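Some notes on the structure that comes next.
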Amino acid sequence: MVPILEVQDLHVSYRSSGEASYAALAGVNFHLMPNEILGVLGESGSGKSTLATSLLKLLPSNGNISRGSILFEGKDLLCAPAGELEQIRGKRISLVYQEPSVALHPALRASEQVFQVLAAHESAGKSALRQKTRQVLASLFPKEADRISNSYPHQLSGGQRQRVLIAQAIACGPSLLIADEPTASLDSTTQKEILGVMRTLRDELGLAMIFITHNPALLAGFADRVLVLYGGRVAELGLARTVLSSPKHPYTRALFQSMPQILENTRDTRKTKLPVIAGDSSAAQLPLEGCVFEPRCPDRMEDCREREPAVVNLGESHTVSCFKYGG
Amino acid sequence: MQPLLRVEKLVKCYERQNVFGSREKLLALDGVSFAVAQETTLAVVGESGSGKSTLGFCISCLEIPTSGSIWFEGRDIVVLAESERRKLRPQIQLIFQDPSNSLNPRWSVEEILLEPLNLKGKLKREETKQRAVALMTQVGLSSDMFQRSPAQLSGGQRQRLAIARALALEPRVLILDEALSALDCSVQAQIANLLIELQRTLGMTYLFITHDLAMAAHLADEIAVMNRGRVVEQGPAQNILRHPKEEITRHLLAAIPSLDNAERPPLES
């Protein structure tokens, strides 16, 4: 099988007024197979949203892709002319945002919002597009497609709005869906429901998916592979069951330990302090030299401060960037 | 032991006019009762729309309940005269989900902290400043951040600041309305630890409103499960987790995302 997306040595930086530019992504490499769900795990400042926007070349004006290539279906998106990119965005690659209440137009009915996406990309006649709109919405709302289609966003619940956004995203039959924290503003039961919807779509439409989140637990039982992003670098990449059950990078390990595991524990650990990673991942705290996680790392060594660790292959396509494993 | 906070048959009914002019009633709270003992945590869990935030608003006097009573320090704050209620209000503080929306973006950290301290009055200028520094230390912030604006703080630091501001009025109860939900996992753990610490050192009582049952279970002594404006199940956290009685509780438990979830077979590449 040929990968649908190959990202090689991607470097993205932001200019801020007066100051030196700041690297949001530095040397990100990964590939995505058709029909695969890649979970991208990262906290604020890890560069996960920058990754989503640079894949579509939708970076803000002070953002700049300084190096690397993004091969989508064999074509380098970074070299593609603007007209061609417009044909790809929304049609071949689509993006689902975090806040459905902000991403939807407040004064248009749900059906109209899906219709406009289709109208922008497809040349078929109006009635054919209306027909298609109905089909797409019916696939996401099997029970109450008509009511939802005629509703305005404020009349819908958070989960329903998120489904409308997904309807927009799949309307033109893309082969890649990028979802940036699509469930972050939803409660856990709705989260679970939306994850179910996305899985079904993947199975039915053969979509490849990049699912960006800060919550590792969401990826369990959902993603095929997991990419852990820290400070703009790939800390760890591997099969979801491997990374989630036996993480290797000190950051991934510490992150998982910091989550309350109340259901797994047999003894009462309530109100005991959770093991935390000291400091935070905001850009200002990242060191300029050496491993980006070094200041917060529980396993730091001499080498960590001097140079960046190389990617170590641990087998079964599990890679980690850490000196502990040879780096 | 006498509970610090006791809510009895609390009802909150919102009325709104629809486009045709007829009135619709929405029963956000439908007879909620519970009690919280001092220095304990009651977690209120439920799906969006179950009425848990309305409950927090009523207890913190931001909303006036339609009927029912809220007993705090032996007095019913619902029927209290405004002048009397004003004296009790500072003792129940509310912390919101998103600190970037609940802190004034144009104020410095110092101004944000000094506002409640000045409201309290009675303190000299230097004392106020000292108190502000002490509050910062208490929540794990450094006082060199005084001149920064909220935008220059990280999400975790902003939530710490929101907690410091609430503590300024020396409250006895903190209502935490999804206070951890907008934060990264590692930051959630840090703030959870801070809450545990503050409970131990200050004897703080928490009403922890959340949809995150795992965190609720970690922090709470008791859990109350809400559905459609009612508390459908309530009890010690361990009991609720291990022996849920209600369908909605089982539903919420099943939705907890967990790293140990069943795995799906990977794709061959």
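The values are calculated or read from the model by the stated rules, or taken from the named source; none is laboratory data. All values derive from a computational prediction rather than experimental measurement. Because the Cβ atoms are built from the backbone with ideal geometry, glycine has one as well, and the counts that use them run over all protein chains shown.
For this structure, a couple of remarks:
One line per residue, one yes/no per condition, for (1) touching a residue at least 24 places away in the same chain (Cβ under 8 Å); (2) under 23 Å from B:I248 (Cα atoms); (3) within 14 Å of chain B (Cβ to nearest Cβ):
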position: A:K126; (1), (2), (3): no, no, no
position: A:L137; (1), (2), (3): yes, no, no
position: A:L176; (1), (2), (3): yes, no, no
position: A:E181; (1), (2), (3): yes, no, yes
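- Qualifying residue in the range B:129-148 (condition: in a helix (DSSP H, G or I), without any contact (Cβ under 8 Å) to a residue 12 or more places away in the chain and within 27 Å of B:F57 (Cβ to Cβ)): no
- Candidates A:S13, A:S66, A:S44: the one that is assigned to a loop (DSSP other than H, G, I, E, B) and either farther than 25 Å from A:N215 by Cβ or over 12 Å from the mean Cα position of the chain (by Cα) (or both) is A:S44.
- Test for A:I262: is it at pLDDT below 90, assigned to a loop (DSSP other than H, G, I, E, B), at the interface with chain B (Cβ under 7 Å from one of its Cβ atoms) and in contact with a Phe, Trp or Tyr (Cβ under 8 Å, 6 or more places away or on another chain): no
- Qualifying residue in the range A:195-211 (condition: β-branched (V, I, T) and either within 10 Å of chain B (Cβ to nearest Cβ) or surrounded by fewer than 21 Cβ atoms within 10 Å (Cβ to Cβ) (or both)): yes
- Looking only at the range A:273-288, and only at residues there that are out of contact with any Asp or Glu (no Cβ under 7 Å at 6 or more places or on another chain) and more than 7 Å from chain B (Cβ to nearest Cβ), the one that is surrounded by the fewest Cβ atoms within 10 Å (Cβ to Cβ): A:L288
- Which listed residue is modelled with pLDDT under 95 and among the hydrophobic types (A, V, I, L, M, F, W, C), from B:A224, B:A217: B:A217
- The range B:69-80 residues that are more than 12 Å from B:V36 (Cα to Cα) and in contact (Cβ under 8 Å) with a residue 60 or more places away in the chain, paired with ones that are basic (K, R) and assigned to a strand (DSSP E or B) (beta carbon under 9 Å, 6 or more apart): B:S69/B:R6; B:S69/B:K9
- Residue match in the range B:138-159 (condition: touching an Asp or Glu at 6+ places or on another chain (Cβ under 8 Å), more than 14 Å from every other protein chain (Cβ to nearest Cβ) and modelled with pLDDT of 90 or more): yes
- Looking only at residues of the range A:185-194 that are at the interface with another protein chain (Cβ under 8 Å from one of its Cβ atoms) and not hydroxyl-bearing (S, T, Y), we find that the one that is farthest from the chain's Cα centre (by Cα) is A:D187.
- Filtered by the rule that a residue be small (G, A, S) and either buried (at least 18 other Cβ atoms within 10 Å of the Cβ) or touching a strand residue (DSSP E or B) at 6+ places or on another chain (Cβ under 8 Å) (or both), the range A:63-102 gives A:G63, A:S66, A:G68, A:S69, A:G90, A:S94.
- Unmet criterion (only one of (1) basic (K, R); (2) modelled with pLDDT of 90 or more; (3) surrounded by fewer than 22 Cβ atoms within 10 Å (Cβ to Cβ)) for A:R270: (2)
- Among the residues of the range A:234-246, those that are surrounded by fewer than 24 Cβ atoms within 10 Å (Cβ to Cβ) and free of Cβ contacts under 8 Å to residues at least 60 places away in the same chain comprise A:R241, A:S245, A:S246.
- Of all residues in the range B:75-99, exactly one satisfies the criterion of being surrounded by fewer than 16 Cβ atoms within 10 Å (Cβ to Cβ) and in contact with a helix residue (DSSP H, G or I) (Cβ under 8 Å, 6 or more places away or on another chain), namely B:R75.
- No other residue among B:A179, B:A216 is within 12 Å of another protein chain (Cβ to nearest Cβ), buried (at least 24 other Cβ atoms within 10 Å of the Cβ) and closer than 28 Å to A:Q191 by Cα apart from B:A216.
- Where B:G46 falls short, out of the listed (1) away from every other protein chain (no Cβ under 14 Å); (2) modelled with pLDDT under 95; (3) in contact with a Lys or Arg (Cβ under 8 Å, 6 or more places away or on another chain); (4) within 21 Å of B:Q234 (Cα to Cα): (1)
- Of B:F72, B:F20, all but one fail to be surrounded by fewer than 18 Cβ atoms within 10 Å (Cβ to Cβ) and of a type outside the set (D, E, K, R); the exception is B:F20.
- Of all residues in the range A:212-233 being in a helix (DSSP H, G or I) and at the interface with chain B (Cβ under 8 Å from one of its Cβ atoms), the one that is surrounded by the most Cβ atoms within 10 Å (Cβ to Cβ): A:L218
For (1) part of a helix (DSSP H, G or I); (2) at pLDDT 90 or above, each residue gets a yes or a no:
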position	(1), (2)
A:Q8	no, yes
A:E19	no, no
A:N35	no, yes
A:S54	yes, yes
